[in-house]
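Enquirer: Below you will find the structure I want to go over with you.
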Amino acid sequence: TFTLEGGITAEFSQISVSGDTDQTQKFDFIKPRLSATYKVNSNNTLTLESEHSVGQLNFNDFASSTEASDDSSTLGNPDLQPDQKTEIAATYDWSFSKRGSLKVKAFYQWRSDILEQIILETNENDEVSQGLGNAGDARFWGFITELNLPLDYILPNALLEVSYKYNDSRFYDSIIS
């Protein structure tokens, strides 16, 4: 009736950028996960989860590049950090018939190093350049509800699927705050 699952993943990497800027960054991340599930009875389950995850960076976002064929250039950001997320969640799952169910998940997330388009530099002509950068930290919360309602009494094998998602957030910008 009760299960506990956990895991831990470690990620170690290094990115070197050369050209206009010569820079090397080392990334070391520990990503734990813990999940506890309690089966109240054959129809009701409660799950609590906690997980830390790290976003995947695109190597093209680190270095500047120029395309001669269409006279375009992309400004890279050698200081880029991957975004990180820690989430806690609780899920209640109720199966009230063979095909009928109600699932409600509530969550709260702490996010850091949010990736956004930011101003990276101003050149000698006072032209502003922008690119992908770490904009700040944020909090996200909300819930997801899914209902599967059999409608066999109206039409054989009919199933009404209804879902609703509510999200809210607060973003902390060190420049504006």
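Enquirer: Yes or no: Thr47 at pLDDT 90 or above and either within 30 Å of Leu149 (Cα to Cα) or crowded, with 16+ Cβ neighbours inside 10 Å (or both)? Let's see the steps before the verdict.
Expert: On the way: at pLDDT 90 or above: yes; either within 30 Å of Leu149 (Cα to Cα) or crowded, with 16+ Cβ neighbours inside 10 Å (or both): yes.
Considered against the rule, which asks whether it is at pLDDT 90 or above and either within 30 Å of Leu149 (Cα to Cα) or crowded, with 16+ Cβ neighbours inside 10 Å (or both), Thr47 comes out as yes.
Enquirer: Next question. Can you tell which of Glu127, Glu146 is at pLDDT below 90 and over 24 Å from Val54 (Cα atoms)? Spell out how you get there, then give the answer.
Expert: Working: Glu146 fails: at pLDDT below 90.
It is Glu127.
Enquirer: Let me ask you something else. Among the residues of region 10-36, which ones are within 21 Å of the chain's Cα centre (by Cα), open to solvent by 70 Å² or more (accessible area, probe 1.4 Å) and free of Cβ contacts under 8 Å to residues at least 24 places away in the same chain?
Expert: Once the filter is applied, which keeps residues that are within 21 Å of the chain's Cα centre (by Cα), open to solvent by 70 Å² or more (accessible area, probe 1.4 Å) and free of Cβ contacts under 8 Å to residues at least 24 places away in the same chain, region 10-36 yields Phe12, Asp28, Ile30.
Enquirer: In region 77-93, what count of residues is obtained for those that are part of a loop (DSSP other than H, G, I, E, B) and surrounded by fewer than 18 Cβ atoms within 10 Å (Cβ to Cβ)?
Expert: Result for region 77-93: 3.
Enquirer: Which pairs have Cβ atoms under 9 Å, sit 6 or more apart or on different chains, and link a residue in region 80-92 that is more than 16 Å from Lys105 (Cα to Cα) and aliphatic (A, V, I, L, M) to one that is open to solvent by 10 Å² or more (accessible area, probe 1.4 Å) and part of a strand (DSSP E or B)?
Expert: Filtered contacts from region 80-92: Leu80/Ile15; Leu80/Gln25; Leu80/Asp113; Leu80/Leu115; Leu80/Leu132; Leu80/Asn134.
The values are calculated or read from the model by the stated rules, or taken from the named source; none is laboratory data. Everything numeric here is computed off the predicted structure, so don't read it as measured data. Here the Cβ is made from the backbone with ideal geometry for all residues, glycine too, and neighbour counts use every protein chain on show. Please note that ligands, DNA and RNA were not included when accessible areas were found on the heavy atoms of the full protein model with its side chains. Shrake-Rupley method; radii C 1.70, N 1.55, O 1.52, S 1.80 Å.
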